[in-house]
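Rule-based calculations on the coordinates, nothing more; no lab input. Predicted model only: the values in this text are computed from it and were never measured. Here the Cβ positions follow ideal geometry from the backbone for every residue, glycine too, while neighbour counts run over all protein chains shown.
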Amino acid sequence: MYRAGAPLPLIDLFRARMGGVGSLVLGDAMLVNTERLNALRGEIGEDGFDQVIEMFLQESDEVVTRLAAQGMGRMSDADLHFLKGSALTLGFDDLADLCRQSETGDQVQPDRLQDVWERSRAAVQSR
């Protein structure tokens with residue numbers, strides 16, 4: 001079983017596959033909307049796409065680390081909103097949904113947020 005914060009087992013990376021309609025899955029979870037990724041790639045080109053992905057991953061790593069350190073019930077609304085917007089832009093639908101929960105008054109569990117982030121990041125990097 002995968003534990004948040006632990007390195008993603010290599011076998012899980014090999015299980016990453018295209019599944020359903022335009023979704024990249026890792027194990028049984030649908031993590032990344034590949035139709036959105038491909039649309040973005042078409043809009044900005046391959047070089048621009050690689051730069052956007054790299055920037056998103058770097059900035060989001062910092063935000064997720066900060067949110068996880070803040071703990072449940074104390075997460076910054078601004079950070080969650082930033083992460084949700086970035087996630088929607090890149091098709092990280094599960095991550096965006098998790099961030100959206102905070103806007104409806106539900107508390108987001110930091111370990112769940114970090115787990116979904118790490119698995120989404122691994123899925124898009126394995127593509």
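Within region 78-97, how many residues turn out to be closer than 10 Å to R36 by Cα and either crowded, with 20+ Cβ neighbours inside 10 Å or aliphatic (A, V, I, L, M) (or both)? Full working, then the answer.
Residues of region 78-97 that are closer than 10 Å to R36 by Cα, as a first pass: 88-93.
Filter once more, keeping what is either crowded, with 20+ Cβ neighbours inside 10 Å or aliphatic (A, V, I, L, M) (or both): 88, 90-92.
Qualifying residue count for the region: 4.
Can you find even one residue in region 95-102 that is over 25 Å from I44 (Cβ atoms) and touching a residue at least 24 places away in the same chain (Cβ under 8 Å)?
Looking for residues that are over 25 Å from I44 (Cβ atoms) and touching a residue at least 24 places away in the same chain (Cβ under 8 Å), one finds at least one in region 95-102, hence yes.
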